[in-house]
């Protein structure tokens, strides 16, 4: 952890709280990648992810006075993004499928792991229930431990562990069996 | 195998950046929006009753004039505030990418220990 950087962000937060908009812009820039990625992988399309990202940061504008530190800010952003995405998904009868032209956005171009494995994982992730998907994203995208995930999603720790265990077991079975997953359908 | 899947998940779920176009629009919108806007106000209380037509008319005219002036001033303030916000956004965008990367890395490294600190706003 870089203390200087943390101090810098806390300093920007203090300035943003006192109405300095340039400082707010820096905070938005620092956190937008996390919020957008979470929204994109929860909701599956760029348009929906952009809408949610925008809504979350607009909401932040009104809540800024209540944010006490940069840690708190990160926690609040993840909490609001994940919960609003879960609500949206619950309102939809079926998860909207991801189109091929957006597929590349769901995964980082920087990684060099097996693209086929990623394709399987994408299919499996989008097959999960919204809460289970949020748990996996917070675990593997945001690197949160189960306790932090439980706090973020306001979920019992055992439920978080259960989601992680069951989801990984399912993935292991499907991938080791090399069964064609539903991701094939999603991408067409 | 589980470890393979976990490392595969980590690789597959690395955060991705939004498009530059969206990012710029987001920054402009968030920064230009005042944190707290006062709600619209009523010109006359609902229970008020005029004494006569002329009195009502003159009162209404005065109020319209006052509101008009106030709106005009407010628009001027908002315009000025918008220009100021735009200037500040441009200033913010001039922050070196090194600083922003540093900030982003700090956010990432912080993520594992933050949730317990504040369970919500």
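Every number in this text was worked out from the coordinates using simple rules, so none of it is lab data. Every value quoted in this text rests on a predicted model; they were computed, and no experiment measured them. Cβ placement follows ideal geometry from the backbone for every residue including glycine, while neighbour counts extend to all protein chains displayed.
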Highest mean packing first, using Cβ neighbours within 10 angstrom, the peptides B:12-23, A:23-34, A:78-89 sort as A:23-34, A:78-89, B:12-23
Quick note, the stretch A:1-94: a/c under 1.5 would make it rounded; otherwise a/b > b/c is prolate and the rest oblate (a ≥ b ≥ c, C-alpha gyration tensor); here it is prolate
Here the whole-number average of other chain Cβ atoms within 10 Å per Cβ of A:131-143 is 3
